[in-house]
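A.B. asks: One structure, as structure tokens, below. Some questions next.
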Amino acid sequence: MSATDLAKDLKNISEKDRKQIEQAQEMLGPDPSTMGVVKNYFWGNFREELLFPYPAGAGADETARCDKLLSELDHYLRTEHPTFEIDQRQEIPTWVIQKLFNMGVLGMTIPQEFGGGGFGITSYNRALERIGRACGSTAVLVSAHQSIGCKAVMLFGTEEQKKRFLPRMAKDTLSAFCLSEPNVGCDAGGQETRCEISPCGNFYILTGEKKWATSGALSGLFTVMCKQKITDPKTGKQKDAVTALICTPDMEGVEIFSRNRSKCGIRGTWQARIRLTNVKVPKANLLHKEGRGLNVALTCLNYGRCTLSAGMLGGATYAYEQACKWAKYRHQFDRPIAEFDQMQEKIARMGAYVYAMDAMLYATTGFLDRHDEDIMLETALCKVFCSEMGYRTVNDAVQIMGGESYMTENNVERIWRDSRINIIVEGANEVMHSFVFAYGSKQLGEWMLGIRKNPFKSIGSAVKIGSQLFLGMRGAMPVATSMHPRLESLAANCMMRIREHSHQVKMAFNEHQERLVTNQTVQARLSLCTLWIHAMLCSLAKLDRNLRKGLAGDQLDYEMATVQHLHAMASLEIEAEIRALHDNADVTMKKAAAAALKRIDTLPNAHYSIPERTPDAARGTGLRVDQTHIPQFGAGSIFAGEKVST
């Protein structure tokens, strides 16, 4: 692979963009030694062995243990869990949290030696899917604790830290992940919270503010991200880098000044605001290494993006099944509404989405369980697909049920409200599309840039890429050789899509060159092509597995019809995105957006919400709301358990 450095070798980009590329390179670290299944799509390759056979996930013994736990969990959720109370009162009762600890759900992934269940990622996501079917709020609480809260300790903690903290995390104590801030959302590297080493050298002095810390007011342990001045080993100069520290709510200077705010969905979850003022954190509470906090955060988010998807899959599956029941038994115009084409269109679409969500989720957890090296794109696509298609599924269910869907007792309106946040959190989908394109195409772009710089260094490669860019030739078609015979035609379509996708990426690099760094509409179109290709292949892998297990009868007919429809829809989506690379409204879009942003300056800020910490002069000029009739949740930690030893 070429030694091209995008941050240095790209010429016609702004210093702001160059700085962002440098920060992204540092944050992501060196490229993996092998490319995963998704990154290969950009090169026009298909690493069949990564998806076929479908990743197994858990072994037989663990699956049996998980089945037993799921049986107990299912019974609890059907007979005891207070779903409506949680949503209406905007709080998950303490007894529910302790029940989940007692069942082992809140300690599923913690190693058995520390009192946990020792389950893998696939088993854990099966539990999250089941919880998400019943209660989105509870799914988020469980996910925030194990996928990101104490996950950092499991993955990066020292043996001493694991012995100190994990037994409590498995038994009776929630944990919170403190990454977001008033000015830090998707830009995780923009931390304003800072730490510095104390004069005595024994502590980190931590100061700043955290926002959206799920279960923060309920937790006995926080994983906190903060900026720190460190010496760059390459240059010997001081620079800012992110460090991860373990904190507890009883530390002097930790103030939970807002336990929660009333919100649209996942209403039972609590998101804390935490002020940190000269908090003395023992050096023994450093996670991983100084300056490697973003590595901790990004690694944890790989797991969080799966569990978010699992909860969404559970909710969407219920909404799909509910919509089918309603369509079959709701009569209008002397017939069931399921007989109308527009209802059938929604039902077929919902079924295809749910099947692909399931296939992509458990392929991704399988990658994680077998410790595949290059999985950041796979987890990102899983999150984007499941959040977007899950919400669309629930939205279709609302339409099919009509006015009844708005009624609280019919569940769908709650799932609808709970689903919308998933498109925003764990990396907003717009940011994820730019990431998928940038990270997925990075090595390909570096290779092409290297050839452009010195075409005579590799004449064969230069001729090959030149024939594609200037003569319209395509690269060789990838092949799939392990597919069940009944799926060969669908597989052939996927191989053609991969080849064309790679060609379009190369053409975009050639056409836009440095402008592609900031052209998010092109990035998103190519990312969406990647997304649909991956959805098709994951679904094929799942169906291939089921066919080899003897799938037959009505279930075979159902799965074949569903997967065929998914591939038909996905092919149309890909073709539309490729057309839009050149036939689009981007020019008028930019003019209209600029006009709208100019017009908004004529309207008074006082009528609208303004970001509280905006660096602009508008800070403090926004709408002030009388919150008398909005539920308030108070301040201070309500963690009542035994203090976690630090």
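The values are calculated or read from the model by the stated rules, or taken from the named source; none is laboratory data. Just so we're clear, the structure is a prediction, and the values are computed from it rather than from any experiment. Cβ atoms come from the backbone with ideal geometry, glycine included; neighbour counts cover every protein chain shown. Accessible surface areas use protein heavy atoms only, side chains included; no ligands, DNA or RNA. Shrake-Rupley method; radii C 1.70, N 1.55, O 1.52, S 1.80 Å.
A.B. asks: With a 1.4 Å probe and every protein chain left in place, work out the accessible area per residue of the stretch 438-560 in Å², rounded to a whole number.
C.D. replies: So the stretch 438-560 comes to 45 Å² accessible per residue, rounded to a whole number.
A.B. asks: Give the accessible surface of the stretch 606-646 per residue, rounded to a whole number of Å², with probe radius 1.4 Å and ligands, DNA and RNA excluded. Display every interim value, and only then the final one.
C.D. replies: Details: 3240 Å² over 41 residues.
Ligands and nucleic acids excluded, the figure is 79 Å² per residue.
A.B. asks: Using a 1.4 Å probe, how large is the accessible area of H582, given in Å² and rounded to the nearest 10?
C.D. replies: Result for H582: roughly 130 Å² accessible.
A.B. asks: Right, another one. What whole-number value in Å² describes the accessible area per residue of the stretch 88-161 for a 1.4 Å probe? Could the numbers behind the result be given before it?
C.D. replies: On the way: 2300 Å² over 74 residues.
For the stretch 88-161, the per-residue accessible area is 31 Å².
A.B. asks: Given the rule -39500 (n - 2.57) for each run of at least 4 DSSP H residues, summed and divided by the residues of the chain, what is its mean residue ellipticity at 222 nm, to the nearest 500 deg cm²/dmol?
C.D. replies: Values: 21 runs with 343 residues, N = 646.
Rounded to the nearest 500, it is -17500 deg cm²/dmol.
A.B. asks: D67: net charge of surrounding residues, Cβ under 13 Å, Lys/Arg +1, Asp/Glu -1, itself excluded? Don't jump to the answer; show the numbers that get you there.
C.D. replies: Working: positive: R65, K68, R126, R130; negative: D61, E62, E72, D74.
Its environment carries a net charge of 0.
A.B. asks: Separate question: How large is log10 of I(q)/I(0) for the stretch 174-258 at q = 0.14, 0.19, 0.24 Å⁻¹ when the intensity is taken from the Debye formula with one equal scatterer per alpha-carbon?
C.D. replies: Cα-only, vacuum Debye calculation for the stretch 174-258: -0.50, -0.87, -1.24.
A.B. asks: On to the next question. How big is D for the stretch 162-308, in µm² s⁻¹ as a whole number, if Stokes-Einstein is applied with the Kirkwood radius of its Cα pairs at 37 °C and 0.692 mPa s? Before the final figure, lay out each step's value.
C.D. replies: Details: Rh = 15.8 Å.
For these conditions, the coefficient is 207 µm²/s.
A.B. asks: To continue, here is another question. Using only the heavy atoms of the protein chains and a 1.4 Å probe, how would R168, R414, R548 rank by accessible area, largest first? Intermediate values should be presented prior to the final figure.
C.D. replies: Working: R168 40, R414 10, R548 135 Å².
Sorted by accessible area, descending: R548, R168, R414.
A.B. asks: Along its three principal axes, how long is the stretch 601-646 when you only count alpha carbons? Whole Å, largest extent first please.
C.D. replies: Each principal axis gives a Cα extent; for the stretch 601-646 these are 55, 30, 9 Å.
A.B. asks: Here is a follow-up. Within the chain, what whole-number % of the accessible surface is contributed by carbon and sulfur, with the 1.4 Å probe and all protein chains included in the calculation? Let's see the in-between values first.
C.D. replies: Numbers: 15450 of 29220 Å².
It is 53 percent, rounded to a whole number.
A.B. asks: Then there is this: Sorted by average packing, counted as other Cβ atoms within 10 angstrom per residue and highest first, what order do 286-296, 50-60, 72-82 take?
C.D. replies: 286-296, 50-60, 72-82
A.B. asks: Mean projection of the alpha-carbon convex hull of the stretch 419-511 over all orientations, in nm²?
C.D. replies: Working: hull surface 36.3 nm².
Seen from a random direction, the Cα hull of the stretch 419-511 projects 9.1 nm² on average.
A.B. asks: Quick one: Debye curve from the alpha-carbon atoms of the stretch 501-646 only, equal weights, vacuum; give me log10 I(q)/I(0) at q = 0.16 Å⁻¹ to two decimals.
C.D. replies: Treating every Cα as an identical point scatterer, log10 I(q)/I(0) equals -0.94.
A.B. asks: In the structure shown, do any of K171/K289; K68/K325; K464/K506 have a Cα-Cα gap over 19 Å, and if so which? Mind dumping the intermediate values first?
C.D. replies: Numbers: K171/K289 28 Å; K68/K325 29 Å; K464/K506 12 Å.
In this structure, K171/K289; K68/K325 lie more than 19 Å apart at Cα.
A.B. asks: Can I ask one more? Kindly report, to the nearest 10 Å², the accessible surface of S482 as traced by a 1.4 Å probe over protein heavy atoms only.
C.D. replies: 50 Å²
A.B. asks: For the stretch 349-485, what log10 I(q)/I(0) values come out of the Debye formula at q = 0.09, 0.19, 0.22 1/Å, with one point per alpha carbon and no solvent?
C.D. replies: Log-scaled intensity ratios, in q order: -0.48, -1.14, -1.25.
A.B. asks: Using only the Cα atoms of the stretch 122-223, what do you get for the radius of gyration and for Dmax, in Å?
C.D. replies: Values for the stretch 122-223 (Cα only, Rg and Dmax): 15.5, 52 Å.
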